[in-house]
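Quick notes on the structure that follows.
Just so you know, all these numbers are worked out from the coordinates, no wet-lab data involved. Computed from a prediction, not measured in an experiment: that's the story for all the values here. Cβ placement follows ideal geometry from the backbone for every residue including glycine, while neighbour counts extend to all protein chains displayed.
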Amino acid sequence: MKKKNGLIAVSLIYSFFLVFLMIMLSSSVKNAETRQMLQSIKEDIKKTLNEEEEFIITSLPNKNPITLVDYKRGDEVNFVGDSWLVIENKSNSVVLILKRALNKEEITSSLGIDVNNNDYFNGACNDSSCKIRMCMNKYHSSFCFYQSASNYEYYTWDRSIGKKVVEQWFENNVNLQKACRLQYDQNTSKKVCSKENIIKMTFSDKVQMNEGYIRLATIEEANLGQSSWVLNNGGYLAPEAWSLSLQNKTNGQSYVYDIKRNVKSTTETFTIRPVIEVKKG
């Protein structure tokens, strides 16, 4: 009887062991299938992204692909999934201004602030039009500002809110990065484009020389033949948009040009329309 009970016990142990092995084997097979499925999904996603990138225009031909002649001021071109207008046609590149203004989401995410922050917007940022100050109307450690006639920092492009907005928008814009691919350069301690489709520009804000891959229009660009800035509907190419050019500074206040006139940088709010220079070919 004891022998029979011992055999039963051993059989049960082996049975449990076999069931355990079957469960483990089944689990391993399922894990392998899951890994294979995930790898397949990853490959499909990668393929889709590559295909989508092929449809994103990240360079410009030597001539306008619509008119088949040289680019001219006011031409509309598609680049990195957005519509841009030609400011200047150079021998090896084209200077473009974004046809639309940056919207509420783009500006607030670039600054990392809430749209209700009136220190920046003064209530002028909404879904259809987001207007922003160029300098702060109170003390600020990072931006130009005016607090009083004895406590202020005059406008420069390098210390402006506009510079922070467009440069962060440039970094955040996935399609622009397909044409640039910013990388950190240890030699200069700056971020540089590893692709050469977007050219680093040198420009003046009427205070000092600056350089960068993105900026706002200068007042000289805005004044190069005003008729070229008029659209078919009679509106201006960049109505109520900031330029980067200082007009005057006095008693602690900086006056910066918008496209049509000079305005006080700490109280007025205008739209932001980035400018880039794109290599031809």
Among S128, F79, S141, whose Cα sits farthest toward the positive end of the charge dipole of region 74-146 (+1 at Cβ of Lys/Arg, -1 at Cβ of Asp/Glu, about the Cα centre)? S141
Treating only Lys and Arg (+1) and Asp and Glu (-1) as charged, each at its beta carbon, one finds that region 58-147 has a dipole about its Cα centre, in Debye to the nearest 20, of 260
So if R0 is 22 Å, what FRET efficiency would V207 and A149 give, r being the distance between their Cβ atoms, rounded to the nearest 0.05? 0.65
What FRET efficiency would be calculated for the residue pair S194, K99, taking the C-beta separation as r and a Förster radius of 22 Å, to the nearest 0.05? 0.20
Within 10 Å, count the other beta carbons around each residue, average over each peptide in 65-76, 209-220, and list them highest first. 209-220, 65-76
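Length gain on complete extension for the stretch I66 to V174, per 0.36 nm per residue less the alpha carbon to alpha carbon distance?
Taking 0.36 nm per residue and subtracting the Cα distance, the gain is 36.3 nm.
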Based on alpha-carbon centroids, what's the gap between region 176-216 and region 108-159 in Å, whole number please? 23
In terms of the alpha carbon gyration tensor, root eigenvalues a ≥ b ≥ c, rounded if a/c is under 1.5 and otherwise prolate when a/b exceeds b/c or oblate, region 66-213 is prolate
